[in-house]
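Some notes on the structure that comes next.
Any read-out appearing in this document is the output of simple, stated calculations on the displayed coordinates, not a laboratory observation. Small disclaimer: the values here were computed from a predicted structure and weren't measured.
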């Protein structure tokens with residue numbers, strides 16, 4: 001349920017803002033990871049420190065998930081039925097790939 005939006009604001013077909021009901025990790029949580037080298041200014045970090053900061057930003061457990069695809073309905077002039085901005089077959093393929101990766105991990 002952490003990645004299901006609890007509120008959605010649709011500004012336009014290109015701008016949708018979701019609010020997620022997720023718990024922010026705190027130092028009291030067992031899987032909390034402090035950002036590495038937060039006390040060292042970025043311009044003073046060596047290559048190893050920059051790599052650690054970069055990796056932490058990718059695998060940070062406390063960030064919103066990346067969407068698999070954007071799915072908008074587009075109604076063109078003269079059409080009675082809107083079409084999807086993303087091909088439905090592509091949506092199915094991406095979902096199946098995520099599912100297959102999860103099964104492989106198990």
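Values computed for the structure shown
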| quantity | calculated |
| --- | --- |
| Extension gain from residue 9 to residue 51, taking 0.36 nm per residue of separation minus the Cα-Cα distance | 11.5 nm |
| Chain lengthening between residue 98 and residue 59 when straightened (0.36 nm per residue, less Cα-Cα) | 12.3 nm |
